[in-house]
Amino acid sequence: MTSPLVSIITPSYNQARFLEDTLQSVLKQDYPHLEYIVVDGASTDGSVEIIERYADRLAWWVSEPDEGQADAINKGFRRAAGEIVAWLNSDDLYLPGAITEAVEVFQAHPAAGMVFGDAVSADAEGHLLNHLPAGNLSLPNLLRFQIITQPAVFMRRSVLEKVNYLDPGYHFFLDHHLWIRMAREAEIVHWERTWAVSRYHADAKNVYMADKCGEEAYRILEWAKSQPDLAALLENDSRRILAGAHKINARYLLDGGLAWPAFKGYIKATVTYPSLLASFWHRLLFAGLSLLGGGFLAKWYYAWKKRRAPKIEHDRPLEGWPGIKLDA
């Protein structure tokens, strides 16, 4: 069986502190037929100089103003020649062998339009924090806002083109909106392996703009109501889906340090669909304790997590891999 070309796009804008690790995590992959494209949005922090150091290993790169993340990624998609495509943000990482394994999953599932693995979160220094398993998800799960961690996703370009790429009207849930549209067109397949690192840091947009991030979940619901095939699914599962939107909104509010709005969001989710509480009771408790002056718990929690890196099912060694610190 021939190995298909895989195209990876990295959108970049003023994240020089993470960018080189991201580039290396792609270029160190063991997959032989790889096309790497970097789309920089006219960074002013030294990112361009970093990209230039790797220019001879890139299929194409540019640094110019764009209209946001979706515009930058779509620009790369339209340049891509690969049968399989993905994007890796400039603060995230691939783990060893991720691309090879993704291709193998596509070859085992020829009807799949999208395959996704699990991920792990890391802090700004690269200490691993939490394992982020996706599980076997389908279109109804996505409508309930069960989340796939974006850097662990690979797509068949023909299906991506069919849904017309990312919608530039979304800035936070642009990936989740795309997954829903992809799942309408073709099978999506989960593979229970950890493929990527999603970095959590203060400059991430879902942290410093947390009050706006979750609002896009409600926009997706309004959009779905306008789609005849999705509207029927929403009507049959309306309370569970609305509770999922409340839950995901609260999650980002809490991650952004907005304890009171997060607490109210979790209460809304509980009232709307009580059995969902089992999936977030610990975060509701955390939000409540924060309101009572327990904000120090967050600092303690992340210090504790740094000393207890999650165990990752992985055949290849992670020691020395770009952007990862395995020491406490």
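The values are calculated or read from the model by the stated rules, or taken from the named source; none is laboratory data. Since we're looking at a predicted model, the values are computed, not measured. Because the Cβ atoms are built from the backbone with ideal geometry, glycine has one as well, and the counts that use them run over all protein chains shown.
Does G41 meet the test of being in the same structural domain as H177 (by TED's automatic domain parsing), small (G, A, S) and touching a residue at least 60 places away in the same chain (Cβ under 8 Å)? For G41, the condition - in the same structural domain as H177 (by TED's automatic domain parsing), small (G, A, S) and touching a residue at least 60 places away in the same chain (Cβ under 8 Å) - is not met.
With the structure loaded, tell me whether I148 is within 30 Å of A259 (Cα to Cα) and of a type in the set (A, V, I, L, M) or whether it fails that test. Yes; evaluated as a whole, the condition is true for this residue. Scanning the stretch 285-313 for residues that are modelled with pLDDT of 70 or more, part of a loop (DSSP other than H, G, I, E, B) and surrounded by 13 or more Cβ atoms within 10 Å (Cβ to Cβ) yields a count of 2. Among the residues making up the stretch 1-25, those that are closer than 18 Å to A98 by Cα, within 17 Å of the chain's Cα centre (by Cα) and not in a helix (DSSP H, G or I) are I8, I9, T10.
Within the stretch 256-273, is even one residue of a type in the set (D, E, K, R), closer than 30 Å to D123 by Cα and buried (at least 21 other Cβ atoms within 10 Å of the Cβ)? For the stretch 256-273, residues of a type in the set (D, E, K, R), closer than 30 Å to D123 by Cα and buried (at least 21 other Cβ atoms within 10 Å of the Cβ): absent. I'm checking my understanding of the structure. Among residues of the stretch 131-153 that are assigned to a loop (DSSP other than H, G, I, E, B) and not hydrophobic (A, V, I, L, M, F, W, C), which one is nearest to I99 (Cα to Cα)? Ranking the candidates gives T149 first. For beta carbons closer than 8 Å, sequence separation of 6+ or different chains, a first residue in the stretch 166-189 that is more than 22 Å from G256 (Cβ to Cβ) and a second that is at pLDDT below 95 and part of a loop (DSSP other than H, G, I, E, B), the qualifying pairs are P168/E67; P168/G68. Taking the criterion of being on the phi > 0 side of the Ramachandran plot and modelled with pLDDT of 95 or more, the only residue of the stretch 120-156 that qualifies is F145. Within the stretch 271-293, being polar (S, T, N, Q), farther than 19 Å from G256 by Cβ and touching a residue at least 24 places away in the same chain (Cβ under 8 Å) holds for T272, S279. For the structure I just gave you, tell me whether A183 is touching a Ser or Thr at 6+ places or on another chain (Cβ under 9 Å) and closer than 28 Å to E83 by Cα. When the stated conditions are applied, A183 passes them. Against the test of being of a type in the set (D, E), surrounded by fewer than 18 Cβ atoms within 10 Å (Cβ to Cβ) and touching a Phe, Trp or Tyr at 6+ places or on another chain (Cβ under 8 Å), the options D123, D167, D118 yield a single qualifying residue, D123. So which residues in the stretch 225-261 are among the acidic types (D, E) and either assigned by TED's automatic domain parsing to the domain that holds S121 or assigned to a helix (DSSP H, G or I) (or both), if there are any at all? Within the stretch 225-261, D229, E235, D255 meet the criteria.
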